[in-house]
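Step one of this worksheet: look at the structure below.
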Amino acid sequence: MKIDAYQISEVFNLKKFKQDYTSEPSLYNNSELFYKREDDTYIYLLSYGVVVFAGVGDLEKSEFLKFIKNYAEGLIEEKFEDDFIVQTDPSISVVLKHNSITVSELTDDSIRIIMLNIGQSVALDYYEALTYKIATSTKQMTDELEHHGRLKSSQSELLKFIGKTINIKNSIIDNLYIFDSPEEAWENEHLERIDKGLKKTFDLKMRYQDIEYKLKIVQENLTLFMELVQNRESTRLEWVIIILILIEVFDLIFTKIF
């Protein structure tokens, strides 16, 4: 069985989708919608804009991806997608390779855990790209400071940039439950092995920490930049006050003389 994951947008409106979609989900909460269909194929929607297919044909995937965009907020133009192969072998418990997993049997729970991990991996690809863009922009500011001794960015521009950085960080923390395995994995040793093995294969924990570390550095740099800009604004205000005082003094002297 082939599993495909796509990052479509920043957010899915799962509640509205569930109301409009004709099939009943096997699992529904604020962060996920999991459908098992009559032909033993699966569709998994994650609130942070990721859709995962298992066993679904290319034409049907294409049609569904167009349909799901009606419930998406903040559509993503770049392509963030991945695929994975799931195989069964009764003589094997769990064997993981770079782009495939072999398990003794496929159940709804095992499929969902596999789809969840692949979906999280694709989402991390997206957040890694966002983090890279922000880190690159921050480096440009640092280079600007090094070569010119000042920042060209205004206080308003820096505040917007800091807000964007904080939003990305909050999205990762709120949406990607990297360290929390599904409840089913805690109750079943076989599912736990699948979950832990996939997290290791996709390097989810290390990638998550790397993003968090880079965002922390970016945030510290931006805080420093904000202090510099505030000092620059304070200096400008002081000069304005001095000029106004000088105007008042000259006006007083002019009045006294003439």
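Tabulated data for the structure shown
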item: Residue count for the stretch 18-54, restricted to those that are farther than 27 Å from Tyr126 by Cα and open to solvent by less than 20 Å² (accessible area, probe 1.4 Å); result: 0
item: Test: Glu73 is touching a residue at least 60 places away in the same chain (Cβ under 8 Å), within 24 Å of Met1 (Cβ to Cβ) and open to solvent by 10 Å² or more (accessible area, probe 1.4 Å); result: no
item: Residue that is most open to solvent (accessible area, probe 1.4 Å) [pool: residues in the stretch 90-107 that are touching a residue at least 60 places away in the same chain (Cβ under 8 Å) and in contact with a Leu (Cβ under 9 Å, 6 or more places away or on another chain)]; result: Leu96
item: Members of the stretch 79-99 found to be over 22 Å from Gln7 (Cα atoms) and assigned to a loop (DSSP other than H, G, I, E, B), listed by number; result: Asp89, Pro90, Ser91, Ile92, Ser93, Lys97
item: Meets criteria (in a helix (DSSP H, G or I) and either touching a strand residue (DSSP E or B) at 6+ places or on another chain (Cβ under 6 Å) or open to solvent by 60 Å² or more (accessible area, probe 1.4 Å) (or both)) for Tyr132; result: yes
item: Candidate set: the stretch 76-89, residues that are under 14 Å from the mean Cα position of the chain (by Cα) and closer than 21 Å to Lys199 by Cα; chosen: the one most open to solvent (accessible area, probe 1.4 Å); result: Glu81
item: Ile113 surrounded by 13 or more Cβ atoms within 10 Å (Cβ to Cβ) and part of a helix (DSSP H, G or I); result: yes
item: Some residue of the stretch 190-210 being over 25 Å from Ser137 (Cα atoms), open to solvent by 60 Å² or more (accessible area, probe 1.4 Å) and modelled with pLDDT under 75; result: no
item: Among the candidates Thr102, Thr138, Thr142, residue that is over 12 Å from the mean Cα position of the chain (by Cα) and part of a strand (DSSP E or B); result: Thr102
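The values are calculated or read from the model by the stated rules, or taken from the named source; none is laboratory data. Here the structure is a predicted model, which means the values were calculated and not measured. Don't worry about glycine lacking a Cβ; one is built from the backbone with ideal geometry, like all the others, and counts go over all protein chains shown. In case anyone asks, the SASA skips ligands and DNA or RNA and just uses the protein heavy atoms, side chains included. Shrake-Rupley method; radii C 1.70, N 1.55, O 1.52, S 1.80 Å.
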